[in-house]
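A.B. asks: Got a structure for you, questions after.
The values are calculated or read from the model by the stated rules, or taken from the named source; none is laboratory data. Note that the structure is predicted; figures quoted are calculated from it, not measured. Keep in mind that these areas ignore ligands, DNA and RNA; they rest on the heavy atoms of the full protein, side chains included. Shrake-Rupley method; radii C 1.70, N 1.55, O 1.52, S 1.80 Å.
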Amino acid sequence: MFGRFAIVGVIAFCVDWAIITVLLHIGILFPLARAGSYFCAASAAWILNRKWTFENKNNSIIRQWGAYLIANLSGGMVNYIVSIFISYMISERSEFSTLLSLVCGTLCGMLINFTLSKRYVFKS
């Protein structure tokens, strides 16, 4: 189960990176771009986790999506804070610094998100 969760995480990470790259390219400041990209990535992860990782369709779609976003707020906040911190620690803005900040944030929030998803959102 954790392996599937990790694969979904990689896919969500790609969504995250694509969205933040576009938002930064059009001039959105990093903290706002990061919030928007995280929301898109979290929504994509919920869809994949619902259908593949946990194979749980017991709740209504809207209720479960909301519960997923709320339950993963802790991991999301850790993800967001770490990525912002790393981005400001690296003085030169580049694609590499953006990628590094996203990777660090994602890894820090991943275990929290898995635990909360398994125990609260997709429990059978």
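A.B. asks: Just name the residue that is farthest from Phe39 (Cα to Cα) out of those in region 82-103 that are assigned to a helix (DSSP H, G or I) and open to solvent by 100 Å² or more (accessible area, probe 1.4 Å).
C.D. replies: Residues of region 82-103 assigned to a helix (DSSP H, G or I): 82-89, 95-103.
Filter once more, so that each one left must be open to solvent by 100 Å² or more (accessible area, probe 1.4 Å): 85, 88-89, 95-96.
Details: Phe85: 19, Tyr88: 21, Met89: 23, Glu95: 20, Phe96: 21 Å.
Step by step, filter region 82-103, then rank; the result is Met89.
A.B. asks: Is it the case that some residue within region 50-60 is among the acidic types (Asp, Glu) and open to solvent by 60 Å² or more (accessible area, probe 1.4 Å)?
C.D. replies: Yes, there is a match, as at least one residue in region 50-60 is among the acidic types (Asp, Glu) and open to solvent by 60 Å² or more (accessible area, probe 1.4 Å).
A.B. asks: Out of everything in region 69-81 that is of a type in the set (Gly, Ala, Ser) and open to solvent by less than 60 Å² (accessible area, probe 1.4 Å), what residue ends up being nearest to Phe39 (Cα to Cα)? Spell out how you get there, then give the answer.
C.D. replies: Initial filter on region 69-81 (of a type in the set (Gly, Ala, Ser)): 71, 74-76.
Restricting the remaining residues to those that are open to solvent by less than 60 Å² (accessible area, probe 1.4 Å) gives 71, 75-76.
On the way: Ala71: 13, Gly75: 12, Gly76: 9 Å.
For region 69-81, the residue satisfying everything is Gly76.
A.B. asks: Shifting gears a bit: Consider Ser94 against the criteria (1) over 16 Å from the mean Cα position of the chain (by Cα); (2) closer than 14 Å to Ser117 by Cα; (3) hydroxyl-bearing (Ser, Thr, Tyr): it satisfies all of them except one. Which criterion is unmet?
C.D. replies: (2)
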